[in-house]
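In what follows, a single structure is set out as structure tokens and then discussed.
The values are calculated or read from the model by the stated rules, or taken from the named source; none is laboratory data. All values reported here derive from a predicted model rather than from experimental measurement. Ideal geometry is used to build each Cβ from the backbone, glycine not excepted, and the neighbour counts take in all protein chains shown.
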Amino acid sequence: MLRSDDGVSCREVEEIFADVDTWSYADGTAEEDPGAWNCAIASGQVHTPSVFTEVPMCVLDDSHLTALPKGTVPLDGFAVDMSEHAVFGSQGAEYGFTVPGSDLVCSIVPGEGEERGHAGCHGTFEEGIEAPAPDGTGPANTIEISEDGAGFAAHSDPAYWPLGPDGDFADDVTELPAGAVLSAYGVVCQSLKGGTVSCTAGEETAMTVSATSHEFRP
């Protein structure tokens, strides 16, 4: 895993990879001298570049690796190609996904300026949970996570449904298969079996939520 206070260049990443003799993959297989990784900066095309936006994403055949900014907590699964989940809007790229086995639609979005990003999902959650809403409280229909914390919310509009360039809600949002991990802007999310999503946003904040259970940290 690669982490850096100030970001790492693609050349530095490729040099590190070149010194590794054997790669072990999440599916239990291993490969000796796998060849050259092709790395490029995944910027998200945001207005303010930062350590959370300009990170290398590297591809070798069907394998993908994304460098994580320092303080980003990984999740144990297999990485996916970020570009397959990118929806570009006026603020840059949002990385959207759906969770199989549920009606969850989620998005990882950039933070303000040089801050870590945040994420949220819309869908069906446990009955009877009231959450903060713009005009008071209401039935929870959203989960949110940022470096400041995680919890339920009630939004009248789907704030985390990925938007297209015209500002309308995207028609198709790519599914994140069970076990797959998507990371962007210092946030890491994973689909789990049973329609569950798990995310981290920094070293202290995490959530795991489905239609029938939830766990937030802190």
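When Gly123, Gly96, Gly128 are checked against the criterion of being under 22 Å from Gly194 (Cβ atoms), small (Gly, Ala, Ser) and without any contact (Cβ under 8 Å) to a residue 12 or more places away in the chain, a single residue qualifies: Gly128. Got at least one residue in segment 132-142 being in contact (Cβ under 8 Å) with a residue 40 or more places away in the chain and of a type in the set (Val, Ile, Thr)? No; the residues of segment 132-142 include none that is in contact (Cβ under 8 Å) with a residue 40 or more places away in the chain and of a type in the set (Val, Ile, Thr).
Among the residues of segment 193-207, write down those that are touching a strand residue (DSSP E or B) at 6+ places or on another chain (Cβ under 9 Å) and either crowded, with 20+ Cβ neighbours inside 10 Å or of a type in the set (Gly, Ala, Ser) (or both).
Residues satisfying the conditions are Thr196, Val197, Ser198, Cys199, Thr200, Ala201, Gly202, Thr205, Ala206, Met207.
When the residues of segment 17-47 are filtered to those that are of a type in the set (Val, Ile, Thr) and in a loop (DSSP other than H, G, I, E, B), the one that is surrounded by the most Cβ atoms within 10 Å (Cβ to Cβ) is Val46. For Phe88, the criteria (1) buried (at least 20 other Cβ atoms within 10 Å of the Cβ); (2) over 12 Å from Tyr185 (Cα atoms) hold in every case but one, which is (1).
Remark: Glu94 falls outside the filter, which requires a residue to be out of contact with any strand residue (DSSP E or B) (no Cβ under 7 Å at 6 or more places or on another chain), at negative phi and among the charged types (D, E, K, R). Selection within segment 68-93: residues that are assigned to a loop (DSSP other than H, G, I, E, B), out of contact with any Lys or Arg (no Cβ under 9 Å at 6 or more places or on another chain) and among the small types (Gly, Ala, Ser). The member of this set that is modelled with the lowest pLDDT is Ser90. Among the numbered conditions (1) of a type outside the set (A, V, I, L, M); (2) in a strand (DSSP E or B); (3) surrounded by fewer than 20 Cβ atoms within 10 Å (Cβ to Cβ), the only one that Thr212 does not meet is (2).
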